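Have a look at the structure below before the remarks.
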Amino acid sequence: FDAAGTLTRLVGVTTDVTERRQAEEALRESHRFISEVTAVVPGVIYVFDVLEGRNVYVNRQTATLLGYADDEVVALGTDFLTRVLHPDDATRFLQHVAALPALADGVTAEVEYRFRHADGTWRWFLSRDVVYRRGSAGEVRLVLGQATDITERKQAEQAVRESERRLHAVVHQLPAGVG
């Protein structure tokens with residue numbers, strides 16, 4: 001301003017934030033897409049932190065399939081497994097988890113196990129895990145996994161085994177020369 005109060009010079013800086021806003025919008029859209037995809041997958045999707053031994057993410061299907069809210073699973077941390085893993089499956093499951101740090105990129109590791117539903121019933125699952133992220137030294141840090149409820153398949157297999165056992169018992173009870 002001059003002595004008369006008239007603006008004589010204007011200095012300013014402008015920044016074009018169009019690209020940044022577009023990038024932020026693309027990121028929001030990507031997050032929304034991932035959220036929607038994980039919501040419609042019929043199984044549990046999780047991210048397991050190998051070093052901490054706990055899930056850092058689970059999708060909403062955890063609540064549907066097991067009765068536990070996703071934030072409850074994350075909050076329970078390493079205690080989640082001890083609360084829900086069937087004792088008969090602990091050795092196999094823990095061997096699977098112990099092998100995750102040696103998992104090569106692109107290799108899928110599988111394990112079957114039972115988890116206790118919040119209502120007390122046992123549900124069978126098949127988990128498939130792959131390396132999601134490595135640490136700076138190349139160690140496996142995060143594993144991306146998908147667990148499918150296979151309870152009905154396991155029940156059908158058990159029913160077939162029981163039928164075969166009963167049939168075998170009946171055949172052995174038949175008189176000689178019959179059957």
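Out of all the residues in region 21-37, is one or more closer than 30 Å to ARG128 by Cβ, charged (D, E, K, R) and touching a residue at least 40 places away in the same chain (Cβ under 8 Å)? Outline the logic, then answer.
Step one: list which residues in region 21-37 are closer than 30 Å to ARG128 by Cβ, which gives 26-37.
Next, only the ones that are charged (D, E, K, R) stay: 28-29, 32, 36.
Subset that is touching a residue at least 40 places away in the same chain (Cβ under 8 Å): none.
No; the residues of region 21-37 include none that is closer than 30 Å to ARG128 by Cβ, charged (D, E, K, R) and touching a residue at least 40 places away in the same chain (Cβ under 8 Å).
Looking only at residues of region 1-29 that are of a type outside the set (Val, Ile, Thr) and at pLDDT below 75, we find that the one that is most open to solvent (accessible area, probe 1.4 Å) is PHE1.
Of the numbered criteria (1) without any contact (Cβ under 8 Å) to a residue 24 or more places away in the chain; (2) outside any strand (DSSP E or B), the one TYR57 fails is (2).
Against the definition (under 13 Å from LEU85 (Cβ atoms), open to solvent by less than 50 Å² (accessible area, probe 1.4 Å), in contact (Cβ under 8 Å) with a residue 24 or more places away in the chain and β-branched (Val, Ile, Thr)), how does VAL131 come out, yes or no?
Judged against the criteria, VAL131 is not a match.
Residues in region 1-54 that are touching a strand residue (DSSP E or B) at 6+ places or on another chain (Cβ under 7 Å) and among the hydroxyl-bearing types (Ser, Thr, Tyr): THR38, TYR46.
In a residue-by-residue description of region 55-73, the property of being within 30 Å of GLY138 (Cα to Cα), at pLDDT below 85 and open to solvent by less than 50 Å² (accessible area, probe 1.4 Å) applies to at least one position. Residues of region 134-153 that are in contact with a Phe, Trp or Tyr (Cβ under 7 Å, 6 or more places away or on another chain), open to solvent by 40 Å² or more (accessible area, probe 1.4 Å) and not polar (S, T, N, Q): LEU144, ASP149. Residues in region 51-85 that are under 12 Å from the mean Cα position of the chain (by Cα) and β-branched (Val, Ile, Thr): VAL56, VAL58, THR62, VAL73, VAL74.
The values are calculated or read from the model by the stated rules, or taken from the named source; none is laboratory data. All of these numbers come straight from a predicted model, not from anything done at the bench. Note that each Cβ is placed from the backbone with ideal geometry, even for glycine, and that neighbours are counted across all protein chains shown. Side chains included, ligands, DNA and RNA excluded: accessible areas come from the protein's heavy atoms. Shrake-Rupley method; radii C 1.70, N 1.55, O 1.52, S 1.80 Å.
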